Structures are given as structure tokens and as C-alpha cells.
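Comments concern the structure below.
We did not get these values from a lab; they are worked out from the coordinates using the rules stated. Note that the coordinates shown come from a computational prediction; the quantities given were computed from them, not determined experimentally. All Cβ positions, even for glycine, are placed from backbone atoms using ideal geometry, and neighbour counts span all protein chains on display.
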């Protein structure tokens with residue numbers, strides 16, 4: 001069985017997420033990076049490819065050149081899919097070009113810069129029939145998959161309440177111009193209409209819908225830019241209404257000084273609840289009304305589905321890179337099935353797709369639109385006035 005051949009757009013010298021994608025893709029010896037357009041600067045792109053020891057002829061100045069050249073190569077040599085790991089504003093043009101040249105796409109989230117763009121992208125995906133995946137990383141953790149399975153099997157009863165928090169502190173000070181990652185994330189032209197909520201709040205919302213298998217239907221949001229002069233939100237609080245009467249809260253912040261990457265979700269049903277934290281990803285806690293709390297650990301006796309995404313025995317931690325790799329594993333299996341004519345559109349390949357991308361952009365826009373309205377706030381002074 002040959003390795004799946006991958007190209008990359010973005011992720012060159014000085015980039016953070018490109019290296020994460022490359023490690024994740026190659027972790028299971030299933031995927032090989034064969035080409036790339038790694039930077040918006042031609043010289044830097046080619047230099048990045050050489051640094052990665054790629055064939056110099058397949059280190060391209062830009063993604064348009066790469067897609068055109070790769071499409072002309074023999075089928076057994078050309079890349080089969082492209083990973084897009086650029087800032088948000090380049091996700092749509094790169095994905096569009098890749099699909100139109102006949103390549104599957106796995107993109108960093110969000111899918112596009114706006115809801116209109118992601119709807120346009122879905123039309124292209126439907127027209128070409130090609131695969132599209134989105135790296136909502138946290139759905140790749142084994143214990144997140146176990147949580148989804150337990151909820152679906154009724155372990156905690158009918159879900160009533162969800163509380164999700166994604167708290168960071170790395171943008172507590174005005175460092176945007178001195179930090180490459182902060183610079184584009186706080187720039188509306190490259191990040192989109194939201195900062196914190198678009199960046200990490202969307203992950204939190206996706207995790208809620210993934211574990212509960214229920215959609216968010218209504219939101220009431222308050223977004224804030226605490227750092228003076230910042231053009232996009234760095235903090236947000238959202239009330240959620242979901243299918244089947246589920247209620248919840250979502251908090252996201254990048255100005256919670258001292259916090260690292262504290263993503264936590266709690267789901268409560270009629271019979272009990274569960275809790276998972278990204279900073280302790282190998283532990284899933286189950287709490288019940290009528291029996292002792294259980295602590296489940298990665299590598300234990302879990303569902304076959306969870307076990308299939310676990311690589312190491314109990315007590316050997318798996319984390320962020322492995323969660324990323326699980327999305328690559330699922331996506332590459334879908335590619336293999338497509339190319340062997342065994343692909344089944346009704347099969348759950350278990351990677352986020354364009355529909356998740358559409359929901360993500362719709363949720364971010366709903367957060368922003370809700371925050372821009374004042375009608376949700378009741379003024380206590382009206383009650384306390386003489």
C-alpha cells in the first residue's frame with residue numbers, strides 16, 4: 001500500500017501550525033509530503049521546501065503554480081491532496097484553486113473568511129465531488145470520541161446542560177505587531193470579523209456539537225476587545241440554545257492572564273454528567289446521581305471506536321499532535337476509498353467536513369451580530385430607581 005501524497009500551502013519558515021500539520025500527517029507512516037508552496041514570498045517558499053528536503057522542482061513559488069504543475073504529473077506521482085495552513089483570508093482562494101485542479105483539500109479552520117465564501121466553497125465541492133476536511137483538532141482526541149459515544153449510548157441520560165470554556169492568556173497585552181501569530185489574528189482583513197471567537201470560540205462550539213450530536217440553534221453573545229486599540233474581540237461570553245431543549249454557556253478568552261490553552265467541556269444529562277479538559281486530555285470524568293464517580297483513561301477498556309484512535313498503552317500520554325494525526329488518518333482513509341471506488345458517502349469517516357465549516361462561520365457571525373445588539377440586556381437601574 002503506497003503512502004498518500006500530500007502538498008502544503010503555507011506553513012513555511014517561522015510558521016507554527018505548518019510544522020504541527022507535517023508531524024501529524026506523517027505520524028502513522030501513512031502520508032508523505034511531496035510538494036509545497038509554503039509562503040506568500042516566492043524566495044521564502046522555495047527556501048522552506050528545500051529546508052524540508054523536498055525535491056527542488058516541487059518547491060513552488062505560489063499555490064497556483066503548484067496546482068497547475070502537479071496536475072500535469074503522472075497520476076502515480078502527483079500530490080493527491082493539499083493541506084492549507086495559511087492565515088484565514090487565504091483559505092478560500094487556495095481551496096478553490098485546489099479543487100478546480102482536481103485535488104482533495106484538508107484545511108485549517110475556519111474554512112473561509114466569511115459565511116458567503118464558505119457557501120460558495122460548498123458549491124465547488126459538490127460540483128467536483130472531491131473530499132474536503134477541516135482540522136477542528138479537538139474532535140481527534142480519543143476521550144472526546146469516547147465522550148460522544150457515551151452520550152449517544154445514553155450513559156448520562158437525555159442531555160440538559162452544556163458548559164464549555166476555552167480560556168487563554170497569550171493576548172493579555174498589546175503585542176500584536178511583535179508577534180507573527182498575534183499580528184494576523186488581530187487583523188480583520190486576514191482573520192475575519194471576529195478575533196477570539198473566530199479563533200478559539202469556534203473550536204468550543206464545534207466540540208459542543210460533536211460530543212452531544214446536537215446543533216446550536218440560538219445564541220446571545222457579548223464580545224469585548226479589552227486591550228486598548230485592538231480591532232477584534234479578545235474575549236466573549238455566549239448563552240446557547242440547542243436542539244432538544246438543551247441549554248448552555250460558552251466562554252472564550254485570550255486575555256485571561258496566566259492561562260495556557262484551557263479548553264474544558266462539561267455535559268450534564270438526566271442521570272449524570274461528564275467532564276473533559278484539553279490540558280489533561282487522557283482523562284474523562286463521569287459523574288452520576290446514584291453511584292460513585294468514574295475516571296476513564298485513554299488506553300483503557302473503551303469502545304472499539306475510541307480504541308481505534310489510540311496508539312499507546314495506558315499511562316503513555318497522547319496529546320495534541322496525536323489528535324491532529326487522527327484527523328489525517330480519517331481523511332487519508334477516505335481518499336483511499338475514493339481511489340479504490342469503495343467510498344461510501346453514508347459512512348462516518350469521522351473528520352470535520354464542509355458542513356462543519358458552514359456551521360462554524362454561521363456561529364461566528366451569529367456571535368458578532370448578537371453582540372452588536374443591546375436588546376438582550378436588562379438595566380437593573382430601572383428596578384432600583386426611586
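Sort 318, 43 so that the residue with the fewest other Cβ atoms within 10 Å of its own Cβ comes first and the one with the most comes last.
Going from least to most buried by this count: 43, 318.
If one takes the longest principal axis of the Cα atoms in the chain, at what angle in degrees, from 0 to 90 and to the nearest 10, does the Cα axis of helix 142-152 lie?
50
Take every DSSP beta bridge whose two residues both sit in the chain, then give the antiparallel share in percent to the nearest 5.
Roughly 60 percent of the DSSP beta bridges within the chain come out antiparallel.
Per DSSP H run of n ≥ 4, the term is -39500 (n - 2.57); total these for the chain, divide by its residue number, and report the mean residue ellipticity at 222 nm rounded to 500 deg cm²/dmol.
-10000 deg cm²/dmol
At a 10 Å Cβ-Cβ cut-off, how would you order 250, 27, fewest neighbours first?
Least crowded to most crowded, the residues run 27, 250.
When a/c reaches 1.5 or more, the comparison of a/b and b/c decides; with that in mind, is region 308-386 rounded, prolate or oblate per its Cα gyration tensor?
Values: a/c = 5.09, a/b = 2.14, b/c = 2.37.
Oblate, since a/c reaches 1.5 and b/c is not below a/b.
So if we plug the beta-carbon distance of residue 380 and residue 279 into 1/(1 + (r/R0)^6) with R0 = 45 Å, what FRET efficiency do we get, rounded to 0.05? Numbers along the way, then the final one.
Numbers: r = 36 Å, r/R0 = 0.81.
Plugging the Cβ-Cβ distance into 1/(1 + (r/R0)^6) gives 0.80.
Taking 8 Å as the Cα distance limit and 6 or more residues as the minimum spacing, I'd like the relative contact order of region 4-134 as a percentage.
22
In degrees, nearest 10, range 0 to 90: what is the angle between the Cα axis of helix 63-72 and the longest Cα principal axis of the chain?
Around 50 degrees separate the two axes.
Arrange 302, 21 by Cβ neighbour counts within 10 Å, fewest through most, would you? Present the calculation step by step, with values, prior to reporting the outcome.
Details: 302 20, 21 26.
With the sparsest Cβ surroundings first, the list reads 302, 21.
If R₀ is 30 angstrom, what is the calculated FRET efficiency for the pair residue 57 and residue 336, using the beta carbon separation as r and rounding to 0.05?
Numbers: r = 27 Å, r/R0 = 0.89.
According to the calculation, E is roughly 0.70.
Antiparallel versus total DSSP beta bridges in region 95-253: what percent is that, nearest 5? Provide the component values of the computation, followed by the final result.
Details: 15 of 25 bridges.
Percentage antiparallel, nearest 5: 60.
Quick one, which of (1) 27, 58, 14, 1, 0; (2) 30, 61, 10; (3) 23, 52, 23, 1 is the actual P(r) over Cα pairs in 20 Å bins from 0, in percent calculated for this model?
Calculated P(r) over Cα pairs in 20 Å bins from 0, in percent: the matching label is (1).
Over the chain, what is the relative contact order in percent, taking alpha-carbon pairs closer than 8 angstrom and at least six residues apart? Mind showing how you got there, number by number?
On the way: 805 pairs, mean separation 70.8, N = 386.
Relative CO of the chain lands at 18 percent.
Going by the alpha-carbon gyration tensor, a ≥ b ≥ c the square roots of its eigenvalues, is region 221-329 rounded (a/c under 1.5) or, if a/c is not under 1.5, prolate (a/b greater than b/c) versus oblate?
oblate
Using a cut-off of under 14 Å, list every residue of region 196-217 whose amide N is near the label point 7 Å from the Cα of residue 369 along the Cα-to-beta-carbon line.
Once the point is set 7 Å along Cα→Cβ of residue 369, 217 turn out to lie under 14 Å by backbone N, inside region 196-217.
Relative to the longest principal Cα axis of the chain, at what angle does helix 354-371 sit, 0 to 90 degrees, rounded to 10?
Compared with the principal axis, the helix lies near 40 degrees.
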